[in-house]
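Below is one structure, written out as structure tokens, with a few remarks after it.
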Amino acid sequence: MTDLHIHHTRLTPQMRSVLQRMERAGRPPLHTLLPAQARAAYEAGADVLEVPRAALARVDDFTIRARDGHAMPARLYAPSLDTGLPVLLYLHGGGFTIGSIATHDVLCRELARRAGCMVVSLDYRLAPEHKFPTACHDAWDALAWLAAHADTLGGDRARLAVGGDSAGGTLSAVNAILARDAGLPLALQLLFYPGCAAHQDTPSHATFARGLVLEEPAISWFFGNYVTTRAQREDWRFAPLHADDVEGVAAAWIGLAECDPLVDEGVDYADKLRAAGVAVDLEIYRGVTHEFIKMGRAIPEALQAHADAAAALRRAFGLE
């Protein structure tokens, strides 16, 4: 029995079926493509397993200026036309290389609809065209802008949260530390399977290296596009586990996939936060892989994660 077989037995039947369908489709792995091709391929497949696209009262495209003057595309989602809604800044996943507002549109609509908050999704700049720490700067510049100007969008500047999946989870964890340092109170950091470690050397990286959506060669490719030196890998803005001190950062809701190379570092980061006295709600969804939250049509755990994350946002924003 191969390692592959052993950990595949942990998968739910629905998850196994999704993996079989992906295998049968026989598409070239993203890490074998040029970045622009990989982005197009990821976008083409982004909604295949998603829940239906929810209609919302408001969906507006606008831009936020980064510190160097770059106009970052952003999309605002609101479940009602009420003013004073709390605001979640959402940072998409994709290994700092792929992903966009478009690829995470359905997920952001679900969070806005279920949590009853405004969601602002950001197109931060991607690698390899824009290497570390551009994505960190872009994410922080957007959060700082919302803290100053959310009212111009009809949002409540005093009730802000930050969230994201995978690389976007990393950027969210970083934003929570920067917010603490800037004296900017955040209601919550919402982290779906965030990358937190410098060197991908936890046991789960070995156990789940192959055959489960996010594969080791892809991780190496993504991160190789973004961080180019050992010093950058060990910078806490790439690996929040390397942050000296996380005391006083926002409360965290962390949702992990059991069969994911990133699961161990997500647990380690939850432990680091708890050790610093930060309130942490940690959920590990059994039998599913990285990227499962974008598979709500096929994977019931995705719907559960959407509901759990939305409930955490409602509590944090005082909407309960």
Worksheet entry | Packing rank of 280-290, 136-146, 229-239, 185-195, where each peptide gets the mean count of other beta carbons within 10 Å, highest leading | 185-195, 136-146, 280-290, 229-239
Discussion item. 5 Å is the cut-off here: which amide hydrogens, built 1.01 Å from N in the peptide plane, fall below it relative to Leu282, excluding neighbours closer than 5 in sequence?
Written reply: Ile254
Response to the item:
Looks like the range 3-316, by Cα gyration tensor root eigenvalues a ≥ b ≥ c and the a/c under 1.5 rounded cutoff (else prolate when a/b is bigger than b/c, oblate otherwise), is rounded
Worksheet item: Points 7 angstrom from Cα along the Cβ direction at Glu43 and His242: gap in nanometres?
Response: 3.2 nm
Worksheet entry | Distance between modelled label sites at Arg125 and Leu319, nm, 7 Å Cα→Cβ extension | 3.3 nm
Worksheet item: Which whole-number percentage describes the relative contact order of the range 3-316, with Cα contacts under 8 Å and a sequence gap of 6 or more?
Response: 20 percent
Practice prompt. Please give the net charge around Val280, taking every other residue with its beta carbon less than 9 angstrom from that of Val280, where Lys and Arg add +1 and Asp and Glu add -1.
Written response: -1
Practice prompt. Determine the sum of side-chain charges near Ala311: Lys and Arg each +1, Asp and Glu each -1, restricted to other residues whose C-beta is under 14 angstrom from that of Ala311.
Written response: -1
Worksheet item: What length, rounded to one decimal in nm, is gained on full extension from Asp82 through to Asp61, with 0.36 nm per residue of separation minus their alpha-carbon distance?
Response: 5.8 nm
Worksheet item: Can you give the three extents of the C-alpha atoms in the range 1-121 along their principal axes, from longest to shortest, in whole Å?
Response: 57, 34, 21
Worksheet item: Does the range 218-280 come out rounded, prolate or oblate, given a ≥ b ≥ c as the square roots of the eigenvalues of its C-alpha gyration tensor, rounded meaning a/c under 1.5 and, failing that, prolate meaning a/b above b/c?
Response: oblate
Worksheet entry | Sum of -39500 (n - 2.57) over DSSP H runs of 4+, divided by residues of the chain (222 nm, nearest 500) | -11500 deg cm²/dmol
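Just so you know, all these numbers are worked out from the coordinates, no wet-lab data involved. Just so we're clear, the structure is a prediction, and the values are computed from it rather than from any experiment. Glycine gets a Cβ as well: all are built from the backbone with ideal geometry, and neighbour counts include every protein chain shown.
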